[in-house]
Amino acid sequence: GYMVSSPKGAPKVGQGADPRRMMQVMDEVNRVVFGKPPEQRGPEDIAKLEDLLQKNPDFVPGFRYLGVMRRANGDLEGAVKAFAHGVKLHPNSPDLRMMLAECRGQLGQVEQAIDDLHILLATQPDNAVAHLLCGRLLMVSDKPDSAIISLLVATELEPDLLGCAEALEQAYAKAGRSDELLPYLNSMLERHPRSSALRKAKSVLLYGQGQVDEAEVVLRDGLRLAPEDPQAVNNLVKLLLSSPDSEGKRVGEATALLAELSDKEMQSDPDLMLTKSQVLGAQGKLGEATTACQQALEMAKRSQRNAVAKRARQYL
């Protein structure tokens, strides 16, 4: 889920608690939570953590971990209870409130989730992730105009916030106001010309209007301004693959661009790995493409990049 940490938002382990006891509890919790890779944790590990927290009901970090583990095992209602208990103990924790809101949203408790975020934003109005999550929930509740307001705030606060530009496009489209988005993106790019997210949003908008050449210029300008940005590379490669030429020059350029990225960059982003899979597929290397796509899918599931996971399944 979305996590934000800050000095003000750091969870407390219990008012007036004995530091020695709390350190011992932390060690015990860490052994349960981090003793195995996340994909190997099961009901028995959750039960161990629940037992520890029953004996230490004021240990806030433990309830965050418990919520994460329950959610990973498909127990959203249990995750809500854990996060809600953590919020009760530490009302000013931004990550706990956002995790609680996310789970409630997934359970269909959208209005409660939005209320959770409004409580958070009342004290932390500059929390871009909370504005983004609020915008997405407003979209779910079929309030695109209100969603636009939240998403615009998030974009102004953090132009390259993951998923924000795409959500903004969807909100404008759902509200029937897509014609308003291009002038806004132009204005934002004047202030943030190196933003790969804003450039991608503008290129997608132009591409959808049939202005393919104009969309390509936008992305090439972005790569020229920020050649070290993996997302700038990724955006242009995707566009090149979407309109290949008969001689294969665009696929060749896409291959060369992607080859400039390091293994570390490729292994840290499932979207980049999925793009690699698509490049391999365009080259006819179906076995390698399938392997890379499966890797992208696993990476996306681990990092809860649901949109990337969905595209990976479709491509697979």
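The values are calculated or read from the model by the stated rules, or taken from the named source; none is laboratory data. What you see is a predicted model; the values in this text were computed from it and never measured. Virtual Cβ from ideal backbone geometry, glycine too; neighbours counted across all protein chains shown. When the accessible area is computed, the model is the full protein with side chains, heavy atoms only, and any ligands, DNA or RNA have been set aside. Shrake-Rupley method; radii C 1.70, N 1.55, O 1.52, S 1.80 Å.
Odds and ends about this structure:
- Applying the criterion of being over 29 Å from the mean Cα position of the chain (by Cα) and in contact (Cβ under 8 Å) with a residue 12 or more places away in the chain to the residues of the range 29-52, the residue that is most open to solvent (accessible area, probe 1.4 Å) is Lys48.
- Odd one out for Ala201, checked against (1) exposed (fewer than 15 other Cβ atoms within 10 Å of the Cβ); (2) among the small types (Gly, Ala, Ser); (3) in contact (Cβ under 8 Å) with a residue 24 or more places away in the chain: (1)
- Within the range 258-270, the presence of a residue that is over 18 Å from Asp160 (Cβ atoms) and touching a residue at least 40 places away in the same chain (Cβ under 8 Å) is excluded.
- Look at the range 173-186: where a residue is over 17 Å from Ala197 (Cβ atoms) and a partner is part of a helix (DSSP H, G or I), sitting 6+ places away or on another chain with Cβ atoms under 7 Å, you get Lys174/Met139; Lys174/Pro144; Ala175/Pro144; Ala175/Asp145; Ala175/Ile148; Ser178/Tyr172; Glu180/Tyr172.
- Taken together, the residues in the range 262-291 that are crowded, with 18+ Cβ neighbours inside 10 Å, over 21 Å from the mean Cα position of the chain (by Cα) and hydrophobic (A, V, I, L, M, F, W, C) amount to 4.
- All helices (runs of 4 or more DSSP H) inside the range 1-81 with 2 or more residues being at pLDDT 80 or above and farther than 30 Å from Leu132 by Cβ: 19-34, 43-55
- Pro230 passes every criterion in (1) in contact with a helix residue (DSSP H, G or I) (Cβ under 8 Å, 6 or more places away or on another chain); (2) open to solvent by 40 Å² or more (accessible area, probe 1.4 Å); (3) not hydrophobic (A, V, I, L, M, F, W, C) apart from (2).
- Unmet requirement for Gly86, which otherwise passes all of (1) over 25 Å from Ala300 (Cα atoms); (2) without any contact (Cβ under 8 Å) to a residue 40 or more places away in the chain: (2)
- Lys249 being open to solvent by 80 Å² or more (accessible area, probe 1.4 Å), closer than 29 Å to Arg194 by Cβ and out of contact with any Ser or Thr (no Cβ under 8 Å at 6 or more places or on another chain): yes
- Qualifying residues in the range 295-316 (those that are open to solvent by 90 Å² or more (accessible area, probe 1.4 Å) and without any contact (Cβ under 8 Å) to a residue 40 or more places away in the chain) - the one nearest to the chain's Cα centre (by Cα): Asn306
- Test: residue in the range 288-311 that is more than 30 Å from Ser187 (Cβ to Cβ) and not in a helix (DSSP H, G or I): yes
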